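This report refers to the structure that appears directly beneath it.
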Amino acid sequence: MYTFSSKLKTLSFVLMAVGILGIGYGFLTAPKDIQDVEKLLAAESHGGHGEAKHEASTAAEPSHVSDAAHNEATEEKKIEESTTVVNPTGDSLKVDTAKVVEEVQVEPVVKKEGHEVSEEAEHTEHLNHVLHQLQNKPWSALYVACIFFMLVSLGVLVFYAIQQVAQAGWSPVLFRVMQGITAYLPVGSVIFFVILILCGLHLNHLFIWLDPEVVANDKLIANKAGYLNFPFWIVRAAIFLTGWSLYQYFSRKNCLAQDEANDDLNYKKNFKLSAMFLVFFIVSESIMSWDWIMSIDPHWFSTLFGWYVFASFFVSAITTIALVTLYLKSRGFLEYVNTSHIHDLAKFMFGFSVFWTYLWFSQYMLIWYANIPEEVTYYITRIELYNLPFFGAVVMNFVFPLLILINTDFKRITWVLVMAGVVILGGHYIDFFNMIMPGTVGDRWFIGISEIASVLFFLGLFIYVVFTAMTKVPLLAKRNPFIEESKHFHY
């Protein structure tokens with residue numbers, strides 16, 4: 001039986017405590033009203049960066065900001081380009097464009113969707129927009145970390161189900177590791193569901209389509225209201241989270257019962273249950289990715305997005321299995337797990353890293369090449385405002401694993417796999433960061449206290465739940481029909 005190391009348990013508590021303090025600090029220091037925002041923008045302007053930030057914000061987020069500034073800029077551009085007009089007699093007449101532009105700029109009224117809006121009202125609207133971004137920052141950091149760790153656990157559950165349905169002979173010695181990691185799924189699901197409820201109560205602005213005023217003034221979002229509405233959205237979330245957690249509970253229960261049984265009835269139950277779960281998962285995962293991530297940018301969509309999200313958390317899940325396995329081996333457990341098992345996990349890490357890159361490039365290339373304004377805006381925002389994390393994720397999730405794990409011998413070396421695993425997990429956290437942050441905080445992003453603290457809290461909780469679950473059962477599935485084949489798996 002595995003015993004939870006006191007040092008590891010203490011570390012998990014410390015991570016959670018530090019995380020809670022940092023998360024609290026993030027919420028406490030977020031601006032409370034537009035006066036706080038005005039002071040912040042004034043300080044930025046004093047440093048010479050305020051104007052640039054404002055321009056980047058208004059240019060990169062058409063779904064969150066007023067079109068007034070854009071319309072005004074367009075009118076100025078048209079006037080600047082029109083240096084010649086024709087008078088009634090047909091003669092050309094030169095116009096002093098600088099004077100005309102100056103007159104337009106000092107005009108205290110701008111056009112917005114057919115209505116006249118004062119510059120003061122526009123300024124107030126911009127302040128409110130920045131206020132929402134800054135108030136979203138601690139919420140977004142919490143959301144990214146929460147969904148990432150929950151989906152890692154879900155990915156392990158899917159990998160476990162695939163092994164059951166495929167009747168794989170190599171993996172049964174790792175089943176208890178997988179079941180331990182999936183023990184986090186019900187816990188993470190409850191926390192995530194609470195966050196979704198708080199979004200519906202308008203305690204944040206992560207999902208702008210939850211705001212009735214936005215829906216009323218946005219025809220595109222209004223057309224999606226039959227699907228993107230809070231009651232239907234939260235019911236879907238409850239069904240998905242409950243379905244996943246029920247499979248986690250019953251599959252583990254059947255696997256434990258199989259150890260004490262005299263026949264393979266519980267194994268057969270798990271086979272059928274796993275097959276049904278995978279069908280449910282295929283449908284629910286796509287819808288989940290639309291509901292919880294893609295709808296943050298409700299004007300944009302991609303038919304590849306469900307696969308893309310799956311590839312990201314699935315490779316993270318396999319990497320987590322490898323890292324937990326290596327840790328337990330280093331502590332003297334999992335005696336039947338050998339370098340061939342580790343090698344197979346490393347092959348999955350490598351293969352799905354390449355698969356993620358294929359989907360990343362396919363989605364990016366098709367949208368960028370088509371250059372349809374409402375689609376390409378998604379990537380313009382990320383390239384211009386998130387250049388480092390956007391392309392950094394490609395390096396961490398593809399270039400680094402490719403160079404390290406393409407070598408067969410390296411797939412059996414513990415320190416190489418640990419290094420590669422840490423980079424892959426960090427890279428896919430940044431991938432989720434890139435998917436969520438641009439639509440919630442715009443150009444106000446920064447990996448600071450809120451982001452780091454959120455990761456630390458959920459990492460500590462993940463460690464505590466996972467390794468506590470492993471102390472409750474033996475680390476070997478004794479009566480699995482393929483356990484002997486798994487014990488002697490070598491190549």
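Structural remarks
- Lone unmet requirement of (1) closer than 30 Å to Ser6 by Cα; (2) open to solvent by less than 30 Å² (accessible area, probe 1.4 Å) for Leu476: (2)
- Flag if Phe350 is open to solvent by 10 Å² or more (accessible area, probe 1.4 Å), more than 19 Å from Pro298 (Cα to Cα) and within 18 Å of the chain's Cα centre (by Cα): no
- Lys478 vs. criteria more than 18 Å from Met150 (Cβ to Cβ), of a type in the set (D, E, K, R), in a helix (DSSP H, G or I) and in contact (Cβ under 8 Å) with a residue 40 or more places away in the chain: no
- Among the candidates Met365, Met396, residue that is in a helix (DSSP H, G or I), aliphatic (A, V, I, L, M) and touching a residue at least 12 places away in the same chain (Cβ under 8 Å): Met396
- Phe467 being open to solvent by less than 10 Å² (accessible area, probe 1.4 Å), assigned to a helix (DSSP H, G or I) and touching a Phe, Trp or Tyr at 6+ places or on another chain (Cβ under 6 Å): no
- Residues (open to solvent by 10 Å² or more (accessible area, probe 1.4 Å) and assigned to a helix (DSSP H, G or I)) located in the stretch 164-178: Val165, Ala166
- The stretch 394-428 - residue that is crowded, with 21+ Cβ neighbours inside 10 Å and not hydrophobic (A, V, I, L, M, F, W, C) and, of those, nearest to the chain's Cα centre (by Cα): His428
- For the condition over 23 Å from Gln167 (Cβ atoms), small (Gly, Ala, Ser), at pLDDT below 95 and surrounded by 15 or more Cβ atoms within 10 Å (Cβ to Cβ), Ser302 qualifies.
- Within the stretch 360-379, considering residues that are surrounded by fewer than 19 Cβ atoms within 10 Å (Cβ to Cβ) and hydrophobic (A, V, I, L, M, F, W, C), the one nearest to the chain's Cα centre (by Cα): Phe361
- Screening Gly442 on (1) at positive phi; (2) without any contact (Cβ under 8 Å) to a residue 24 or more places away in the chain shows it passes everything except condition (2).
- Subset of the stretch 128-162 (residues that are β-branched (Val, Ile, Thr) and either free of Cβ contacts under 8 Å to residues at least 24 places away in the same chain or open to solvent by 10 Å² or more (accessible area, probe 1.4 Å) (or both)): Ile162
- Answer residue from the stretch 321-335, given it is of a type outside the set (A, V, I, L, M) and open to solvent by 10 Å² or more (accessible area, probe 1.4 Å) and is nearest to Asn397 (Cα to Cα) among those: Tyr327
- Residue match in the stretch 129-151 (condition: under 39 Å from the mean Cα position of the chain (by Cα), over 30 Å from Thr242 (Cβ atoms), polar (S, T, N, Q) and modelled with pLDDT under 85): no
- Under the condition of being within 21 Å of His490 (Cα to Cα) and touching a residue at least 40 places away in the same chain (Cβ under 8 Å), the residues counted in the stretch 163-198 number 13.
The values are calculated or read from the model by the stated rules, or taken from the named source; none is laboratory data. Keep in mind the model is a prediction, meaning the values are calculated, not measured. Neighbour counts are summed over all protein chains in view; Cβ atoms, including those assigned to glycine, are modelled from backbone coordinates with ideal geometry. Ligands, DNA and RNA are excluded from the accessible area calculation, which covers all protein heavy atoms including side chains. Shrake-Rupley method; radii C 1.70, N 1.55, O 1.52, S 1.80 Å.
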